[in-house]
Amino acid sequence: MNAKSVSEIINELGEERAEYFNAVAPPIVQTSNFAFDSVADFRKAMSHNSEDYIYSRAINPTVRILCQKLAALDGAEDCLVVNSGSAAIFTTILSLVKSGDHIVSVEKPYSWAQKMFDNILPRFNVTVTYVDGRNAENFEKAIQENTRIIYLETPNSWNFYLQDLEAVAKIAKSKKILTICDNSYCTPLYQRPLELGIDVVLQSATKYLNGHSDVIAGVISGKKELIEKIYHNEFMNMGISATPFDAWLILRGLRTLNVRLSRISETTKKVLDFFKGHEKVEEIVFPFDKDFPQYDLAKKQMQGAGGLFSFLLKVNSVHEIENFCDALQHILMAVSWGGYESLIMPACVSLQPGDFDSEIKEHRRIRMYVGLEDPGFIIEDLQRGFDAIKGE
Ligand SMILES: *Cc1c(COP(=O)(O)O)cnc(C)c1O
């Protein structure tokens, strides 16, 4: 996507300043309800295809400005902004399946996608087959007569495995199966699944889009017909619209999306250089690293990779990992990512200390997210972590 259109979308699209006193920043239209002057106006608004405002569970002016921008960034006809990334996933799947349907999903999708597939959908007689998505043929092999959806997440936000979007979209189209891709890792600035043939793109706006660690939200983008179907049904029934205030915060965060991602990408290179060849680092896993097994595919379908990666510490005990993490003074220990602050999340937080086995690589994995701090500030802190495990 060229810089001009990104700038146009982020700075200008959807902003009708004459409608709000020529204010440069759009207003937060904090209202539940909208009133009408006449029965005729009211009736017109109630007609199915009207774009008039009626009630903020449906659409609100502040939310609409954001919707226009996010749909344009995705290259989509339309989008919905909902109150979490998880709601975006659940709503989309729920709107597309009926009892008896089957889904082929990439293995280890985002944890709450997996929980929906494993715990909720079986109650409605919807089944899921997981496949290793690194080989597109695995999707084809898993397709059944009742397969309705292929669910993708590339790169996967935990193991960073990629799926070849163009290849999977082609397979799905030949069998009239819908494809959904979670694009939270890349954002539309770094990967544009709809242009590669994917039908629906989902994102957690909590991550890069908002980028300031103060909003939970999600986006569903796709063809107008499909988005409208979700809007008039599951979206309205569940009441999951983003609020005007959250939409306003995301609009504000979005202004700097491009510069944040550029800065984070630059800093990430420096942090990875620091890790590379470090005696205590066994491996780093990052799609834009030349040693990444799917580097060629990453370069083919992604325009950038941001700041999320993982590394394996060369240690023999869980205490060394704990010492490394606990010694950090600036990098925060937390879930999520995509904000201004650098973060780490060691895999061992999901293990009881007694279950740790240094022979199992996964146990020694640490996920890191590089934020907006100075590179030297981050690297100095990581050095503090390494110093804490030296000589153990
Ligand atoms: C965080 C995340 C989600 C869920 O988003 P929330 O806004 O936390 O509900 C979905 N997919 C991926 C890849 C994520 O990282």
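All conditions but one from (1) among the hydrophobic types (A, V, I, L, M, F, W, C); (2) part of a helix (DSSP H, G or I); (3) more than 16 Å from the ligand (Cβ to nearest atom) apply to VAL128; the one that does not is (2).
Taken as a whole, the condition of being closer than 19 Å to SER241 by Cα, surrounded by 10 or more Cβ atoms within 10 Å (Cβ to Cβ) and of a type in the set (D, E, K, R) does not apply to ARG43. Residues in the stretch 341-392 that are over 15 Å from ILE331 (Cα atoms) and in contact with a Pro (Cβ under 8 Å, 6 or more places away or on another chain): ARG365 alone.
Condition first: closer than 20 Å to LYS229 by Cβ and of a type in the set (A, V, I, L, M, F, W, C). Can you find one or more residues in the stretch 138-148 that meet it? No, the conditions are met nowhere in the stretch 138-148.
Filter the stretch 113-158 for residues that are among the acidic types (Asp, Glu) and surrounded by fewer than 19 Cβ atoms within 10 Å (Cβ to Cβ) and give the result.
Within the stretch 113-158, the first condition is being among the acidic types (Asp, Glu), and the residues that meet it are 118, 132, 137, 140, 145, 153.
Within the stretch 113-158, ASP118, ASP132, GLU137, GLU140, GLU145 meet the criteria.
Restricting the stretch 346-392 to residues that are basic (Lys, Arg) and surrounded by fewer than 18 Cβ atoms within 10 Å (Cβ to Cβ) leaves a set whose member that is nearest to the chain's Cα centre (by Cα) is LYS361. The set of residues in the stretch 80-124 being closer than 20 Å to MET238 by Cα, part of a helix (DSSP H, G or I), within 12 Å of the ligand (Cβ to nearest atom) and of a type in the set (Gly, Ala, Ser) consists of GLY85, SER86, ALA87, ALA88, ALA113. Of all residues being of a type in the set (Phe, Trp, Tyr) and out of contact with any Lys or Arg (no Cβ under 7 Å at 6 or more places or on another chain) in the stretch 312-364, which is farthest from SER204 (Cα to Cα)? Just the residue, please. By that ranking, first place goes to PHE356.
Bear in mind that the values in this text are calculations on the coordinates, not laboratory data. No experiment lies behind these values; they were computed from the predicted model shown. Glycine also receives a Cβ, built like all others from the backbone with ideal geometry; neighbour counts cover every protein chain displayed.
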